[in-house]
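Participant: First the structure, which I've put down as structure tokens, then a few questions once you've had a look.
The values are calculated or read from the model by the stated rules, or taken from the named source; none is laboratory data. Every value quoted in this text rests on a predicted model; they were computed, and no experiment measured them. No Cβ is skipped: glycine too gets one built from the backbone with ideal geometry, and neighbour counts run over all protein chains shown. Just the protein is used for accessible areas: all its heavy atoms, side chains included, with ligands, DNA and RNA removed. Shrake-Rupley method; radii C 1.70, N 1.55, O 1.52, S 1.80 Å.
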Amino acid sequence: KHCFSKSSDGFLYCEGLKVQDVMDSVEKRPFYLYSKPQITRNVEAYKEALEGLRSVIGYAIKANNNFKILEHLRGLGCGAVLVSGNELRLALRAGFDPTRCIFNGNGKLLDDLVLAAQEGVFINVDSEFDLENIIRAARIAGKRVNILLRINPDVDPQVHPYVSTGNKNSKFGIRNEKLQWFLDEVKKHPDELKLVGAHCHLGSTITKVDIFRDAAVLMVEYLDKIRDQGFDVNYLNIGGGLGIDYYHTGAVLPTPRDLINTVREVVLSRDLNLIIEPGRSLIANSCCLVNRVTGVKTNGTKNFIVIDGSMAELIRPSLYDAYQHIELVSPAPHEAEISTFDVVGPVCESADFLGKERELPTPPKGAGLVVHDAGAYCMSMASTYNLKMRPPEYWVEENGSVSKIRHAETFEDHMRFFEGL
Ligand code: LLP
């Protein structure tokens, strides 16, 4: 069951509510609309897939850091994957159990590592200097830190190069040939470090799960080598990266169950705890960016639908040429002609588009138009470019009521940065 559906008479619904009615009842500006039950269903799919394994679902906070959503995910039993001190602070405020949190990154700062060490979160080791900082942080915090080594299994996730990470020349992870050096360092620092496992992250938007098995097989070989040296390593962290159906073509894509089943045997064969780090596949499909049509224009051969939303609210199409499905929330008038449009925002950049060459009925001014699958890496990557202040967020709850889960950013919020200067 999916939260957004189009009725036969052409209205878009979110969990039984007309999106048009939601639009009419909130402030006139682009907004994000989530389905809380969809988020629950996405987590349940992972939980069911993981039955029979000792596991942690570490939700990758970078995908969406709305505080209400974090509290909800925590309530459903998720841990959290963090890439900055502020994400760690936010996770703690939202009540996440720090011993179910994992701190990742190739440039973790000493102060943030100290906080992570104090709180007892798992830390993934990315490089020689990173390990040095982790040792210092452990000393400052007076705590022994649970660490995992981030290894690059060097399998090709077959995705956009910007979201491909687990390859040999990636900026992330240790150089595998230097594994022994890392093991020797850990042995020298028993008071500061406890090596508990290995981590990899292959990339994002992955739609073929075989590579997770390939990676898991390679990773347990590394774990075997590490165990041979007397380390008691029990955690395999296979990262995140499962893709979703951005194209809405009805194509059958791998589910969390498919993902977990491809690695299940490997994990069980070594009696490991499995950590996964999903972001997109937990949250992306639970949300739309709802926009209003400002007008329609043509420049010779090209037609444009100009909306109030833009690359400031949602940058994935501009940044990665990503496809996100676009449709109108209400049926267009009968006489509306269907044409091919670029859907663009008002920002002063030719890169400011939400969709290219989309077949759509010519919408009237003020019509609602949604960009689907906007739950992950959309609001969290939003900016205030052109002083388009960040949009408000709403969700539809289980009982069908709509509530605001983040205020809109305002011009006054902006001016506050200059107060007292
Ligand atoms: N773990 C690590 C170490 C990661 O680097 C990431 C994402 C994840 C987990 C979560 O991956 P997911 O399950 O969400 O694919 N802004 C890009 C995506 C960047 C992903 C960065 N790393 C986009 O909008 O497509």
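Participant: With contacts defined as alpha carbon pairs under 8 Å and 6 or more residues apart, what's the relative contact order of the chain in percent?
Facilitator: 19 percent
Participant: What's the long-distance tail for segment 61-109, i.e. % of Cα pairs beyond 12 Å?
Facilitator: On the way: 648 of 1176 pairs.
Here the tail beyond 12 Å accounts for 55 percent of pairs.
Participant: A further question follows. Output wanted: per-residue J couplings in Hz (rounded whole) for segment 231-241, from phi through Karplus 6.51 cos²θ - 1.76 cosθ + 1.60, θ = phi - 60°, x for Gly and Pro.
Facilitator: 7, 9, 9, 10, 10, 10, 10, 9, x, x, x
Participant: Let me ask another. In units of 2.2 N^0.38 Å, what is the alpha-carbon radius of gyration of segment 273-421?
Facilitator: Segment 273-421 yields a ratio of 1.16.
Participant: What is the local net charge at Gly345, summed over the other residues whose Cβ is closer than 15 Å to its Cβ (Lys, Arg +1; Asp, Glu -1)?
Facilitator: +3
Participant: Another question about this same structure. Picking from Gln158, Gln229, Gln20, which is most flexible by a Gaussian network model of the chain using Cα springs under 10 Å?
Facilitator: Gln229
Participant: Give me the distance in nm between label points sitting 7 Å out from Cα along the Cα-to-Cβ direction at Glu44 and Asn299, one decimal.
Facilitator: Going from the Glu44 label point to the Asn299 one covers 4.8 nm.
Participant: Please build a GNM for the chain, connecting alpha carbons under 10 Å apart, and tell me which residue among Ala49, Ala374, Ala117 fluctuates the most.
Facilitator: Fluctuation is largest for Ala49.
Participant: Explain nothing, just the number: relative contact order of segment 332-421, from Cα pairs under 8 Å at least 6 residues apart, as a whole percent. It would help to have the intermediate numbers written out before the result.
Facilitator: Details: 92 pairs, mean separation 16.6, N = 90.
Relative contact order for segment 332-421 comes out at 18 percent.
Participant: Can you give the net charge of the other residues whose Cβ lies under 15 Å from the Cβ of Val402, counting K and R as +1 and D and E as -1?
Facilitator: -2
Participant: Using a cut-off of 11 Å between beta-carbons, work out the net charge of the residues near Asn169 (Lys and Arg +1, Asp and Glu -1, Asn169 not included).
Facilitator: Once all neighbours under 11 Å are counted, the net charge is +2.
Participant: Here's a follow-up. Over all pairs of distinct alpha carbons, what does the Kirkwood formula give as the hydrodynamic radius of segment 162-206, in Å? Can you show the working numbers first?
Facilitator: Values: mean 1/r = 0.0810 Å⁻¹.
Computed over Cα pairs of segment 162-206, the Kirkwood hydrodynamic radius comes out at 12.3 Å.
Participant: Return the single residue from Leu319, Leu90, Leu236 with maximal mean-square fluctuation; model: Gaussian network over the chain, springs between Cα atoms under 10 Å.
Facilitator: Answer for the Gaussian network model of the chain: Leu319.
Participant: Viscosity 0.890 mPa s, temperature 25 °C: what is the translational diffusion coefficient of segment 120-257 from Stokes-Einstein with a Kirkwood Rh over Cα pairs, rounded to a whole number of µm²/s?
Facilitator: Values: Rh = 16.0 Å.
Rounded, D is 154 µm²/s.
Participant: While we're looking at this one, here's another question. Output the DSSP H helices from the chain with an along-axis C-alpha extent of no less than 15 Å and a mean Kyte-Doolittle hydropathy no less than 0.0.
Facilitator: 128-141, 210-228, 256-269
Participant: Is there a quick way to get the dipole size of segment 234-367? I mean about its Cα centre, with the Cβ of Lys and Arg at +1 and of Asp and Glu at -1; what is the value in debye to the nearest 20?
Facilitator: Result for segment 234-367 is approximately 120 debye, rounded to the nearest 20.
Participant: Run the accessible area of segment 18-167 with a 1.4 Å probe and give the carbon-and-sulfur part as a rounded percent.
Facilitator: Carbon plus sulfur share of accessible area: 46 percent.
Participant: Among the listed pairs Lys18/Lys388; Lys62/Lys297; Lys6/Lys365; Lys62/Lys168; Lys68/Lys297, which have their C-alpha atoms separated by more than 30 angstrom in this model?
Facilitator: Flagged as over cut-off: Lys62/Lys297; Lys68/Lys297.
Participant: Roughly speaking, what is the stretch gain from Ala351 to Arg416, that is 0.36 nm per residue apart minus the C-alpha to C-alpha distance, in nm to one decimal? Don't jump to the answer; show the numbers that get you there.
Facilitator: Numbers: separation 65, 0.36 × 65 = 23.40 nm, distance 2.96 nm.
Gain on stretching Ala351 to Arg416: 20.4 nm.
Participant: What do the square roots of 5 times the Cα gyration tensor eigenvalues come to for segment 84-156, in whole Å, largest first, as semi-axes of the equivalent ellipsoid? Please list the in-between numbers first.
Facilitator: Values: eigenvalues 76, 48, 22 Å².
Equivalent ellipsoid of segment 84-156: 20, 15, 10 Å, largest first.
Participant: Another one. For Leu149, what residues show an amide H to amide H distance below 5 Å, using hydrogens built from the backbone and excluding near sequence neighbours?
Facilitator: Answer set, sorted by chain and number: Val125, Gly197, Ala198, His199.
Participant: Please name whichever of Ala91, Asn167, Val220 sits farthest to the positive end of the charge dipole of the chain, dipole taken about the Cα centre and charges placed at Cβ: Lys and Arg +1, Asp and Glu -1.
Facilitator: Most positive-ward Cα: Ala91.
Participant: Nearest 20 debye, what's the magnitude of the dipole of the chain about its Cα centre given +1 on Lys and Arg Cβ and -1 on Asp and Glu Cβ?
Facilitator: On the way: 48 positive and 55 negative charges, 100 e Å.
The calculation lands at about 480 debye.
Participant: Mind jotting down the three principal axis lengths of segment 1-129 based on Cα atoms? Whole angstrom, largest first.
Facilitator: Result for segment 1-129: principal-axis Cα extents of 60, 41, 25 Å.
Participant: In Å, what Rg and Dmax follow from the Cα atoms of segment 1-59?
Facilitator: My reading of the Cα-based Rg and Dmax gives 16.0, 48 Å.
Participant: Given 37 °C and 0.692 mPa s, how large is the Stokes-Einstein diffusion coefficient of the chain in µm²/s, with Rh as the Kirkwood radius over Cα pairs?
Facilitator: So the translational diffusion coefficient is about 144 µm²/s.
Participant: If you put +1 on each Lys and Arg Cβ and -1 on each Asp and Glu Cβ, how big is the dipole of segment 45-94 around its Cα centre, in Debye rounded to 20?
Facilitator: The calculated dipole for segment 45-94 is roughly 180 debye.
Participant: Another question about this same structure. Expressed in nm to one decimal, what extension gain is obtained for the pair Ser170 and Asp224 from 0.36 nm per residue of sequence separation less their Cα-Cα distance? Each step should come with its number before you reach the end.
Facilitator: Numbers: separation 54, 0.36 × 54 = 19.44 nm, distance 2.38 nm.
Contour length minus Cα-Cα distance gives 17.1 nm.
Participant: Bin width 5 Å, origin at 0, all Cα-Cα pairs of segment 206-362: what percent of pairs per bin?
Facilitator: Once binned at 5 Å, the Cα pair distances of segment 206-362 give 2, 8, 14, 15, 12, 10, 9, 8, 7, 6, 5, 3, 2, 1, 0.
Participant: Determine the gain in length on full extension of the stretch Phe11-Leu179; use 0.36 nm per residue of separation and subtract their C-alpha separation, reporting nm with one decimal.
Facilitator: The Phe11-Leu179 span can extend by a further 54.8 nm.
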